[in-house]
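FYI, it's all coordinate maths here, none of it is from the lab. Nothing here was measured: the structure is a model prediction, and the numbers come from that model. Note that each Cβ is placed from the backbone with ideal geometry, even for glycine, and that neighbours are counted across all protein chains shown.
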Amino acid sequence: MDKPRLSKLMAERGICSRREADRFIELGLVSVDGERVNLLGTRVDPGCVITLDDSAVTEQNRLVTILLNKPVGYVSAQPEKGYLPAVSLITSRSRFKNDRSSVRFTPAQLKGLAPAGRLDIDSQGLLVFTQDGRIARQLIGEKADMEKEYLVRYEGMLSDEALKLLNHGLSLDGKPLKPAKVFRQNREQLRFILKEGKKRQIRRMCEQVGIRVTGLKRIRIGKIELGNLPEGQWRYLAGDETF
């Protein structure tokens, strides 16, 4: 059996992202079984003990994660013609006044800040931006299994049988969808809890059962809720919060 590369093993263990691992290795900030390693591509025993230098840990602790209540009309990632990227809303003026984090905002924090997941241009609600590869991997990595909760306003008639299909039994792009949790919130609204996020998944699911989505709002990712964060404002993920 081939030994894994050190950077890959570090990412799999959630120590950091592979890109961060390569940089820490080059800087000589990684030890394996007590021995410092600074050669990229080094392969190691799968059961080895990996430790980071204190300076690398300190650097990781400075990485920020930001929670934004994205309004309709903003794109999650790359800007499209005529539309602004959601990251443009992250300014000192739009920070939530009740943010309990003591972190001081600086424009330099926008460097390397990337959306961990997407939210369609015509959808609103919780959108996560992070500099931390560990959090990005947790939310959108290959093995990500994070619940995401949405409130969905719709038009049309939804039978009990159609509701069962929304929970389990639909396919998109030729592949069966994972089981979902879909509940009636009221006569015009559904609550969706998904563990996957195909492009425009909820809207396409609803189309398959004959209803049309008129409003979609993400209110939770894992253990983090949108709560009372106002639309168009943001706050930091606090030190005692985890997804």
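One table, with the values for the structure above:
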item	result
Additional length obtainable on full extension of the chain from residue 91 to residue 198, 0.36 nm per residue less Cα span	35.6 nm
Contour excess over end-to-end distance, with Cα ends at residue 140 and residue 111 and 0.36 nm allotted per residue	8.5 nm
Region 148-221 - convex hull of the alpha-carbon atoms, volume per residue in Å³	78
Sparsely packed chymotrypsin sites (Phe, Trp or Tyr not before Pro) within region 53-113, loop by DSSP, other Cβ within 10 Å at most 16	83
Difference of contour (0.36 nm per residue) and Cα-Cα distance, residue 38 to residue 225	63.3 nm
Other-chain or far-sequence residues with amide H under 5 Å of residue 215's (modelled H)	153
Over 25 Å (Cα to Cα) - which of 148/175; 143/181; 178/217; 70/164 fall in this group	70/164
Inter-label distance for residue 243 and residue 8, nm, one decimal - labels placed 7 Å from Cα along Cα-to-Cβ	2.3
Backbone HN-Hα couplings from phi across region 39-50 [Karplus 6.51/-1.76/1.60, Hz, Gly and Pro as x]	9, 4, x, 4, 9, 9, 5, x, x, 5, 9, 10
Rounded to whole Å, sorted largest first: equivalent-ellipsoid semi-axes of the chain, Cα gyration tensor	37, 24, 14
